[in-house]
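The values are calculated or read from the model by the stated rules, or taken from the named source; none is laboratory data. Computed from a predicted structure; not experimentally measured. All Cβ positions, glycine included, derive from the backbone under ideal geometry; neighbour counts span all protein chains shown.
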Amino acid sequence: MPEIVQDRVRMAVDDDGFLMDTSEWTEDAAAVLAAREGIAQLSEEQFAILRSLREYYRRHRFFPIPRAICRSAHQPRTCVTDRFPDPVAAWKIAGLPNPGEEVIGFRSWEPLGY
């Protein structure tokens, strides 16, 4: 199991870079995961989306419909596509477990109901 160690953050991740223990997620961890996905800095709007993703997962244990996340984050209905061009990257930065091959195969918001 790989481990990421950066900026006082230590996280165990799977081979695809998904956090192994969702309880280890912090905003500092999100910043490290975002940097690994090519996002230099997360805005407050992006953090709101990440928190909504985490809450959705806590309730449903499933990958969400993006529109529901935007509604929950009190942002325009295109917030996720505006802030995260790849839904799997947003899920990963939110510190959630690997959603599986079926979801990863989409790599686009459209098949996920947007």
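Of all helices (runs of 4 or more DSSP H) completely enclosed by segment 41-102, which ones contain at least 2 residues that are within 17 Å of Asp16 (Cα to Cα)? Can you show your working first?
Working: elements: 44-60, 66-72, 79-83, 87-93.
It comes to 87-93.
Scanning segment 39-48 for residues that are touching a helix residue (DSSP H, G or I) at 6+ places or on another chain (Cβ under 9 Å) and without any contact (Cβ under 8 Å) to a residue 12 or more places away in the chain turns up Ala40, Gln41.
Residues of segment 1-25 that are exposed (fewer than 14 other Cβ atoms within 10 Å of the Cβ) and in contact (Cβ under 8 Å) with a residue 40 or more places away in the chain: Asp14, Asp16. Mind listing whichever residues of segment 1-56 are among the small types (Gly, Ala, Ser) and more than 18 Å from Gly100 (Cβ to Cβ)? Those that are among the small types (Gly, Ala, Ser) and more than 18 Å from Gly100 (Cβ to Cβ): Ala12, Ser23, Ala29, Ala30, Ala31, Ala34, Ala35, Gly38, Ala40, Ser43, Ala48, Ser52.
Only one of the numbered conditions (1) within 14 Å of Ala94 (Cβ to Cβ); (2) polar (S, T, N, Q); (3) modelled with pLDDT under 90 is not met by Ser52, and that is (3). On the phi > 0 side of the Ramachandran plot, in contact with a Ser or Thr (Cβ under 9 Å, 6 or more places away or on another chain) and either crowded, with 17+ Cβ neighbours inside 10 Å or at pLDDT 80 or above (or both): is that true of Gly95 in this structure? Yes: the conditions hold for Gly95. Scanning segment 55-66 for residues that are surrounded by 15 or more Cβ atoms within 10 Å (Cβ to Cβ) and farther than 11 Å from Gly95 by Cβ turns up Glu55, Tyr56, Phe63, Pro64, Ile65, Pro66.
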